[in-house]
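Here the structure comes first, spelled out in structure tokens, and everything after it is commentary.
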Amino acid sequence: MPIKYRYTKAGAITNGEISTTKDEIDHHETVQIILKEIANKEGERIVVAMMSTNVEGQQVGVYHVDPDAAEQSTLRTIEQIDICADGETWNTVSLLKP
């Protein structure tokens, strides 16, 4: 099943979709794939809060994704990222701003 995503940058929404070759893909792997896709498209680092699965609203770490390109922007301009892995429910990624 395709995984849909959308992100907001400078007030403009960009939609995208990727297909996986795996039959089963877990939530964390889905997020990693989407973040890498967006980082490569925009050429900038994405930094997100890793949230606890046991305590709602509790941050347990930080995860960052860099684009594959040797040169990347030092700006982090992406305002919001949403992912839809089941075709119905959109989940917002917790971005950390510098």
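The values are calculated or read from the model by the stated rules, or taken from the named source; none is laboratory data. Just so you know, these numbers come straight off a predicted model, no measurement behind them. Reconstructed Cβ throughout: ideal geometry from the backbone, glycine too, with neighbour counts over all protein chains shown. Just the protein is used for accessible areas: all its heavy atoms, side chains included, with ligands, DNA and RNA removed. Shrake-Rupley method; radii C 1.70, N 1.55, O 1.52, S 1.80 Å.
Miscellaneous remarks
- Condition check for Ile13: out of contact with any Pro (no Cβ under 7 Å at 6 or more places or on another chain), assigned to a strand (DSSP E or B) and open to solvent by 70 Å² or more (accessible area, probe 1.4 Å): yes
- Residue satisfying condition, being more than 10 Å from the chain's Cα centre (by Cα), open to solvent by 20 Å² or more (accessible area, probe 1.4 Å) and at pLDDT below 80, within set Val62, Val55: Val55
- Test result for Glu88, modelled with pLDDT of 90 or more, open to solvent by 50 Å² or more (accessible area, probe 1.4 Å), part of a loop (DSSP other than H, G, I, E, B) and not polar (S, T, N, Q): yes
- Pairs linking a residue in segment 81-98 that is touching a residue at least 40 places away in the same chain (Cβ under 8 Å) and among the hydroxyl-bearing types (Ser, Thr, Tyr) to a residue that is open to solvent by less than 40 Å² (accessible area, probe 1.4 Å) and outside any loop (DSSP other than H, G, I, E, B), with Cβ atoms under 8 Å and 6 or more positions apart or on different chains, are Ser94/Val48; Ser94/Ala49.
- Single condition Thr8 does not satisfy, out of (1) of a type outside the set (A, V, I, L, M, F, W, C); (2) at positive phi; (3) not in a loop (DSSP other than H, G, I, E, B): (2)
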